1. Answer yes or no: is there a residue in region A:251-267 that is at pLDDT below 90, among the hydrophobic types (A, V, I, L, M, F, W, C), under 29 Å from residue A:159 (Cβ atoms) and in a loop (DSSP other than H, G, I, E, B).
2. Residues B:84, B:125: which one is within 14 Å of chain A (Cβ to nearest Cβ), among the basic types (Lys, Arg), surrounded by fewer than 19 Cβ atoms within 10 Å (Cβ to Cβ) and more than 22 Å from residue B:213 (Cβ to Cβ)?
3. Can you name the number of the only condition in (1) aliphatic (A, V, I, L, M); (2) more than 14 Å from chain B (Cβ to nearest Cβ); (3) under 30 Å from residue B:112 (Cα atoms) that residue A:215 fails?
4. Within region A:197-233, count every residue that is crowded, with 22+ Cβ neighbours inside 10 Å, over 14 Å from residue A:71 (Cα atoms) and among the polar types (S, T, N, Q).
5. Has region A:2-21 got any residue that is part of a loop (DSSP other than H, G, I, E, B) and surrounded by 10 or more Cβ atoms within 10 Å (Cβ to Cβ)?
6. Please specify each residue of region B:37-81 satisfying the condition of being within 11 Å of chain A (Cβ to nearest Cβ), touching a Lys or Arg at 6+ places or on another chain (Cβ under 9 Å) and aromatic (Phe, Trp, Tyr).
7. Restricting the search to region A:118-172, which residues are crowded, with 19+ Cβ neighbours inside 10 Å, within 14 Å of chain B (Cβ to nearest Cβ) and out of contact with any helix residue (DSSP H, G or I) (no Cβ under 6 Å at 6 or more places or on another chain)?
8. Report yes if residue B:276 is aliphatic (A, V, I, L, M), in contact (Cβ under 8 Å) with a residue 40 or more places away in the chain, surrounded by fewer than 22 Cβ atoms within 10 Å (Cβ to Cβ) and more than 15 Å from residue B:44 (Cα to Cα), otherwise no.
Amino acid sequence: MLLTYSRLGGLRFVLCGIGLTVGLFLLLPILVLVALSFGDSQWMQFPPPGWTLRWYADLFDDPDWIFAFLTSLRIAAWVTVLSVALGLVTSFGLVRSRFPGRETVRALFLMPMILPVVVLAVALYALFLRLQLNGTELGFVLAHLLLALPLSIISISGALERFDPSIEDAAVLCGASPMEAKIRVTLPAIMPGIATAALFSFLASWDEVVVAIFMASPDIQTLPVRIWGVLRQDLSPVVAAVSTLLVALTAVLMLLSAALKKKDVRA
Amino acid sequence: MRSPSSPPSDHPFLAIQGIRRSYGSVVAVEAVTLDVARGEFVTFLGPSGSGKSTTLYVIAGFQEPNSGDVLIEGRSILNTPSNKRNIGMVFQRYTLFPQMTIAENIGFPLKVRRRSRADIDARVKVMLRLVQLEAYADRKPAQLSGGQQQRVALARALAYEPPLLLMDEPLSALDKSLRDELQHEIKRVHHETGVTILYVTHDQEEALHLSDRIALFRQGRIEQLGTGRDLYDAPASRFVAGFIGHSNFMPCRIDRERGAVDGAILLDDGTPVSGVSLAAMPAQCERGVLMVRPDAIRLHNPDSAPAGAILGTIDEASFRGEAMQYSVATAWGESLTVRTPCGGTGRARVGERVALAWQPEQAQIFPN
């Protein structure tokens, strides 16, 4: 190959340099944030003059933060469950059946991904105002479900398309009812796709802020909404601590999914 | 011994009656009728799109026929869902359940039939031994070769002792040597289990090697049904003659005024051909093709040729192991293929003038 790494000579070092720079560029903001969350400067001086765990202690002492955290978690959990369930039935419909306008329907399902989020947020706000869903947990769940569903459909229908329906036919001829064949054979086989759908659905809700700001009320706030609010009112290193925890949680989820994928490849 | 409720024995084990299946304006199966005896190995042979797979899928219950019926022991199975038909099937593609081990795959049909753990284990062992894969019980399908996967699929399809096994081109994804090995294996399993097998293939050698009877499909119909020998020795049409084995086709003219048998057929260069029966030819048909198998033709020295021999020049000679194959250019421009067993008479050389002759009963004439 023309661009074999070992044949690049001096260019190799340039290439490594560029890679390293891009990596740093991507990671640096997060590293600064993590450092700030452990720094003892009230005004988020960088580099931090000293180190402390005070902001984390403040965070866990503040019931509002805990409440926002639990709210976010609850909403994200509901969104995950609903998005996977709906994504699953929708994918079976889109992949396995042949009906006129199938491609149009598929495009419609993916629409929320293409629309600017803020447009969606305004539209939902106007609609939910009439339905009196603004400021309710149900409103949050429905709004986030709209954002999560396309991701879920893409990932599950992708897995389903790669799964040969003859395998399901084989299970049926073996004596399994069509439903039993789907549950015992097809579902386990497309599990990596379902896991990815769950992960992305969770994250779509967990770190979503635009729609959430429209949905939120003083009584009910998700974590990103509260971070946004606190940032605007009083800049406190507690925000850095919260953000660090969010980054940590997301990283753990990503690592988990990577591990699952690896296991799937080996199986 | 028969129980009082068994159907009378004059029912064939499997009866396919006038199956027709179309997709919109495309007719996949025009009219297929066929009786299969218990324990028989019947192959559906034909080019792709001839309706053989569709017929199999109708029997499996994945396709509904527009009309016609399928009966097992005298009872229609068309209203029984696929999973209740108790039919085994091996597919063209690899259809093992990817997340289950080999043993779990074979045990799956028994598990859905709610058999006991001990029953399943015992039966899985028997099946693994049948396909000689005992050592692979705990592997996953992805760790097996294609040939091994199809053997597992065979074991899984037979685990619940179905009376009927359908095989849809199970070897077409494998390479030649593996195909031969698995054909042997399938034959042995058929012999050991006595299961009735319907086997779809487009490979005539596979069909000839495996089957008790072959149903040769063409455009949604069975063109001819019979043993491999029947189809080879007495093809019912030009299509059958061309599909099974190699054939030489010579365009010819029929002159009925010259007699019913002798001299009625004239090759395009004017050579009269005698002794070939015109029974298969419609009365008004004046043009036809004369078919002779390459191994029915004998090469002669032009000087000592029998009467009615055709003259030609050898333009290609190739060694085929047990036989020599010659291509002989004829006076009317077409080449004929001739196969002669090696040894015995001496070999002809390229460029040599030869005379070709055959026994009249080994030639057949078909409408053009």
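1. Looking through region A:251-267, at least one residue is at pLDDT below 90, among the hydrophobic types (A, V, I, L, M, F, W, C), under 29 Å from residue A:159 (Cβ atoms) and in a loop (DSSP other than H, G, I, E, B).
2. After applying the criteria, what remains is B:84.
3. Going through (1) aliphatic (A, V, I, L, M); (2) more than 14 Å from chain B (Cβ to nearest Cβ); (3) under 30 Å from residue B:112 (Cα atoms) one by one, residue A:215 breaks only (3).
4. 1
5. yes
6. The answer is B:57, and nothing else.
7. Of everything in region A:118-172, those that are crowded, with 19+ Cβ neighbours inside 10 Å, within 14 Å of chain B (Cβ to nearest Cβ) and out of contact with any helix residue (DSSP H, G or I) (no Cβ under 6 Å at 6 or more places or on another chain) turn out to be A:167, A:169, A:170.
8. No: the conditions fail for residue B:276.
The values are calculated or read from the model by the stated rules, or taken from the named source; none is laboratory data. No experiment lies behind these values; they were computed from the predicted model shown. Backbone-built Cβ (ideal geometry, glycine too); neighbour counts: all protein chains shown.
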